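Q: I am attaching a structure below and will ask some questions about it afterwards.
The values are calculated or read from the model by the stated rules, or taken from the named source; none is laboratory data. Just so it is clear, the structure is predicted and the values come from calculations on it, not from any experiment. Note that we place each Cβ from the backbone using ideal geometry, even for glycine, and neighbour counts take in every protein chain shown. For the accessible areas, the whole protein counts, side chains as well, though only heavy atoms, and no ligand, DNA or RNA atoms are used. Shrake-Rupley method; radii C 1.70, N 1.55, O 1.52, S 1.80 Å.
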Amino acid sequence: MAGRQGHIFACTSKTEKECFDRMLFATGRLYGEGVLAIKKGDPLFLLNIDTDTLYGTFAAGSAGAKDISPDAWNGRYPYQVRVTKNGRMDSAKGAKKILLQMGLSWRDALVPEASEALSSYLKDPKTKLPSFEKDDEKPRLESTTLWDYPRQSYGKTPKGSNKYAGVTPAFAIYNMVKRYTEPGDTVLDPMCGSGTTIDVCKEEGRKWKAFDINPTRPEIVQNDARRIPLADESVDMVFIDSPYGDNIDYNDRRGNIGKISAETEEFYNALEEVMAECHRVMKPGKVIGWVIGDQWVNKKFTPVGFQVYERLTRHFETVDVISLARRGQTSNTGMWHSRALRFNFYLRGFKYLFIMKKPDGSEQKKRKVNWKQYER
């Protein structure tokens with residue numbers, strides 16, 4: 001197995017026995033792409049996150065694939081690889097500390113040198129642990145409804161252009177793509193701006209359909225988002241960062257919704273036409289992410305987000321509402337913060353990311369919620 005990329009699978013005390021009984025390691029869709037990259041003979045490790053125990057070293061007895069054993073774990077973990085023992089099975093307690101010391105994460109593939117070092121340590125815990133730096137770390141996958149990013153892009157290649165007015169944080173698109181699509185799925189961005197969605201999709205193995213009223217690059221097709229030139233139920237996800245009103249002078253193209261004031265019904269009617277088109281081209285059960293911000297201008301606040309959300313609920317079911325922290329806007333300066341305090345108003349500190357789902361026609365099951373009650 002020398003010179004081969006390694007992989008760590010996670011299990012719990014409830015799932016560990018089935019891993020060993022079947023000699024099959026598996027994960028869910030969120031980390032499925034890593035499994036599909038596994039080749040027969042690659043070194044594998046198993047981490048029990050409940051007992052903090054690392055087992056190894058195993059070898060992949062097959063290439064990683066989907067549904068090798070569809071019934072395993074009741075179908076909850078469809079991305080799987082067959083496993084063979086590579087000699088004896090060793091184990092080590094304190095796995096999280098070991099991985100942290102080596103600069104490794106069970107969520108990421110291991111470079112060959114890291115795999116070999118981890119194998120050596122499992123055989124002899126007296127072995128000195130080397131540290132490995134990541135050349136191009138992916139963003140974290142968010143687990144809360146507050147998304148706050150230090151910069152607009154990530155990785156070695158730029159995602160979109162941070163010079164573009166109102167550019168979307170690439171981290172947000174990455175999280176949407178990873179959570180709600182699979183490799184080969186098609187992502188639509190009907191208001192693609194500088195092409196952040198395109199760049200994320202390229203890196204993550206997704207197809208894309210990119211349109212904008214005023215294209216900034218060859219991959220983006222000129223089009224009004226109220227009439228999307230795609231077939232019904234043809235895309236797997238939609239991401240859209242629409243105008244928040246007429247606060248930014250995007251361009252002078254005819255049909256530019258960004259020329260309409262958010263204080264008028266015309267603005268929301270135009271966006272609802274876009275919503276209806278997105279609904280038409282989305283496959284049932286798929287998700288749309290819609291970024292929008294509120295407006296405060298000339299001493300008047302306009303709850304743009306609430307009004308856009310109300311329109312979205314006419315077409316989609318709510319998955320969740322995300323608060324997307326604003327860091328790159330032009331008002332994020334000492335002068336503007338001073339003015340906000342001096343004249344008693346608030347700068348826009350966040351945008352909304354509404355995550356909505358196209359209904360798939362299935363009946364809504366009656367839910368029973370057992371709340372944990374606390375004494376007061």
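Q: Give the residue that is modelled with the lowest pLDDT, with candidates limited to residues of segment 264-303 that are among the polar types (S, T, N, Q) and either in contact with an Asp or Glu (Cβ under 6 Å, 6 or more places away or on another chain) or not in a helix (DSSP H, G or I) (or both). Break it down into steps so the answer makes sense when it comes.
A: First, the residues of segment 264-303 that are among the polar types (S, T, N, Q): 264, 269, 295, 298, 302.
Remaining after also requiring either in contact with an Asp or Glu (Cβ under 6 Å, 6 or more places away or on another chain) or not in a helix (DSSP H, G or I) (or both): 264, 295, 298, 302.
Numbers: Thr264: 95, Gln295: 92, Asn298: 86, Thr302: 93.
So the residue we want is Asn298.
Q: A further question follows. Does segment 220-240 hold any residues that are surrounded by fewer than 16 Cβ atoms within 10 Å (Cβ to Cβ), in a loop (DSSP other than H, G, I, E, B) and not hydroxyl-bearing (Ser, Thr, Tyr), and which are they?
A: Scanning segment 220-240 gives Arg227, Pro229, Ala231, Asp232, Glu233.
Q: Considering only residues that are farther than 30 Å from Arg339 by Cβ and in contact with a strand residue (DSSP E or B) (Cβ under 9 Å, 6 or more places away or on another chain), which ones fall in segment 291-319?
A: Leu312, Thr313, His315, Phe316, Glu317, Thr318, Val319
Q: On to the next question. If I ask for residues that are within 14 Å of Trp290 (Cβ to Cβ) and assigned to a helix (DSSP H, G or I), which ones from segment 186-200 would you list?
A: The answer is Thr197, and nothing else.
Q: When only residues in segment 31-56 that are open to solvent by 30 Å² or more (accessible area, probe 1.4 Å) and either farther than 22 Å from Lys14 by Cα or aromatic (Phe, Trp, Tyr) (or both) count, which is nearest to the chain's Cα centre (by Cα)? Walk me through it before giving the result.
A: So the first thing to find is which residues in segment 31-56 are open to solvent by 30 Å² or more (accessible area, probe 1.4 Å), and the list is 31, 33-34, 36-37, 39-40, 49-52, 55.
Next, only the ones that are either farther than 22 Å from Lys14 by Cα or aromatic (Phe, Trp, Tyr) (or both) stay: 31, 33-34, 36-37, 39-40, 55.
Details: Tyr31: 11, Glu33: 13, Gly34: 15, Leu36: 18, Ala37: 19, Lys39: 25, Lys40: 28, Tyr55: 29 Å.
My answer is Tyr31.
Q: When segment 313-328 is examined, which residues are found to be out of contact with any helix residue (DSSP H, G or I) (no Cβ under 6 Å at 6 or more places or on another chain) and at pLDDT 95 or above?
A: Scanning segment 313-328 gives Thr313, Arg314, Phe316, Glu317, Thr318, Val319, Asp320, Val321, Ile322, Ser323.
Q: Which condition from (1) modelled with pLDDT of 90 or more; (2) part of a loop (DSSP other than H, G, I, E, B) is the one that Trp73 breaks?
A: Here Trp73 clears every test but (2).
Q: Having 3 or more residues that are in contact with a helix residue (DSSP H, G or I) (Cβ under 7 Å, 6 or more places away or on another chain) and not polar (S, T, N, Q) is the bar; report the strands (runs of 3 or more DSSP E) wholly within segment 1-58 that clear it.
A: By residue number, 24-27, 43-48.
Q: Return yes or no: is Phe306 at pLDDT 95 or above, within 25 Å of Asn175 (Cα to Cα) and either β-branched (Val, Ile, Thr) or touching an Asp or Glu at 6+ places or on another chain (Cβ under 7 Å) (or both)?
A: no
Q: Restricting to segment 187-214, count the residues that are under 15 Å from Val281 (Cα atoms) and open to solvent by less than 20 Å² (accessible area, probe 1.4 Å).
A: 6
Q: Something else about it: Here's a check for you: in segment 57-107, which residue that is of a type in the set (Phe, Trp, Tyr) and closer than 14 Å to Leu47 by Cα is surrounded by the most Cβ atoms within 10 Å (Cβ to Cβ)?
A: Ranking the qualifying residues of segment 57-107, first place goes to Phe58.
Q: Taking the condition of being over 24 Å from the mean Cα position of the chain (by Cα) and either within 22 Å of Leu141 (Cβ to Cβ) or outside any helix (DSSP H, G or I) (or both), how many residues in segment 100-115 meet it? Steps first, answer last, please.
A: Of all residues in segment 100-115, those over 24 Å from the mean Cα position of the chain (by Cα) come to 101-102, 112-115.
So of that shortlist, the ones also either within 22 Å of Leu141 (Cβ to Cβ) or outside any helix (DSSP H, G or I) (or both) come out as 102, 114.
Residues that pass the stated criteria total 2.
Q: Here's another thing I want to ask about it. Where the second residue is among the aromatic types (Phe, Trp, Tyr) and crowded, with 21+ Cβ neighbours inside 10 Å and the first is at positive phi and lies in segment 153-178, which pairs have Cβ atoms under 9 Å and are six or more apart or on separate chains?
A: Short answer, once both residue conditions are applied: Gly166/Tyr244.
Q: Among residues belonging to segment 329-376 that are at pLDDT 85 or above and among the polar types (S, T, N, Q), point out the one that is surrounded by the fewest Cβ atoms within 10 Å (Cβ to Cβ).
A: Asn344
Q: Mind checking which residues of segment 260-283 are crowded, with 17+ Cβ neighbours inside 10 Å and among the charged types (D, E, K, R)?
A: Scanning segment 260-283 gives Glu272, Glu277.
Q: I'm told Pro158 meets every condition in (1) surrounded by 15 or more Cβ atoms within 10 Å (Cβ to Cβ); (2) within 11 Å of the chain's Cα centre (by Cα); (3) part of a loop (DSSP other than H, G, I, E, B) except one. Can you identify the failing condition by its number?
A: All conditions are met except number (2).
Q: Sticking with this one: In segment 304-319, which residues are part of a strand (DSSP E or B), out of contact with any Pro (no Cβ under 7 Å at 6 or more places or on another chain) and loosely packed, with under 15 Cβ neighbours inside 10 Å?
A: Thr318
Q: For segment 109-151, enumerate the residues that are of a type in the set (Gly, Ala, Ser) and either crowded, with 18+ Cβ neighbours inside 10 Å or at pLDDT below 90 (or both). Lay out the reasoning, then the answer.
A: If we filter segment 109-151 for residues that are of a type in the set (Gly, Ala, Ser), which is where we start, we get 109, 114-115, 117, 119-120, 131, 143.
Listed by number, the residues that qualify are Ala109, Ala114, Ser115, Ala117, Ser119, Ser131.
For every residue, the table says whether it meets (1) modelled with pLDDT of 95 or more; (2) over 21 Å from Ser119 (Cβ atoms).
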residue	(1), (2)
Gly28	no, yes
Glu33	no, yes
Leu36	no, yes
Leu46	yes, no
Leu54	yes, no
Thr57	no, no
